[in-house]
Amino acid sequence: AQKITQTQPGMFVQEKEAVTLDCTYDTSDPSYGLFWYKQPSSGEMIFLIYQGSYDQQNATEGRYSLNFQKARKSANLVISASQLGDSAMYFCAMRESPRGDSSYKLIFGSGTRLLVRP
Amino acid sequence: KAGVTQTPRYLIKTRGQQVTLSCSPISGHRSVSWYQQTPGQGLQFLFEYFSETQRNKGNFPGRFSGRQFSNSRSEMNVSTLELGDSALYLCASSLVGRETDTQYFGPGTRLTVL
């Protein structure tokens, strides 16, 4: 079964500094996708970044980048120049296709609570 | 473009009652998925609908059901509510639910069962 592990329950970072949130995964599927979502206290899950298993380069979206190390099965999220508004829960998720077709569901990690200090 | 909308945002029910939650996907999106989020179990997949058909279902009892309408709007129903059903219920939509699609989430419905 596929599994996502986030080992950092909580982290602090100083405003304007960079921070790395860890995510490791376990799967036997040769094709998979990894997502990062941000969940502010309001509850909405906000999509941040996606990495496909066959993507040759690490994904980047503005201040977000994904440090994808396939052999180590890790997909760490790097947030550069942290802002106060980055304080939130961050979830790593993996796509799982139970039927083996194009439909899929997301398997989530337990999340990391990030607090940005002014 | 409007995002995923969910109604109601907050709901309080008592044990034994039933509840219906609604989700309107992003315009043009045809796949709708539902997730339950609790402090103890985290985020868990409930089910996914595409073209009014349930394609995937998570490990939840039969008290949890859903449906999708021809306009892609979806509802989920929980019958005979239990205290453990208190949770944030999140709906997510994607274009057609393909491997390369991204699921975009709504603000959630926070259900409290007393």
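Treating the protein assembly as shown as a set of equal point scatterers at the Cα positions, no solvent, please give the Debye-formula log₁₀ I(q)/I(0) at q = 0.12, 0.16, 0.17, 0.18 Å⁻¹. Debye curve over Cα of the protein assembly as shown, log10 I(q)/I(0) at q = 0.12, 0.16, 0.17, 0.18 Å⁻¹: -0.66, -1.15, -1.27, -1.38.
Relative contact order of chain A: 36 percent, from C-alpha pairs under 8 Å at least 6 residues apart in sequence.
In percent, rounded to a whole number, the relative contact order of chain B is 36, using alpha-carbon pairs under 8 Å and six or more apart. Taking one quarter of the surface of the C-alpha convex hull of chain B gives a mean projected area of 6.6 nm². Kirkwood analysis of the range A:20-60, using all unique Cα-Cα pairs, places the hydrodynamic radius at 12.0 Å.
With 24 Å as the limit on Cα-Cα distance, the pairs of A:Lys73/A:Lys105; A:Lys3/A:Lys105; A:Lys38/B:Lys13; A:Lys3/A:Lys70; A:Lys16/A:Lys70 that go past it are A:Lys38/B:Lys13; A:Lys16/A:Lys70. Can you give the Rg to Rh ratio of chain A, both from alpha-carbon atoms, with Rh computed by the Kirkwood formula? In chain A, Rg relative to Rh is 0.97.
P(r) for the range A:30-82, from all Cα pairs and a bin width of 5 Å, is 4, 19, 29, 22, 15, 8, 3, 0 %, short bins first.
Since every read-out is calculated from the coordinates, none of them should be taken as a lab result. Fair warning: this is a prediction, and the values are worked out from it, not measured in the lab.
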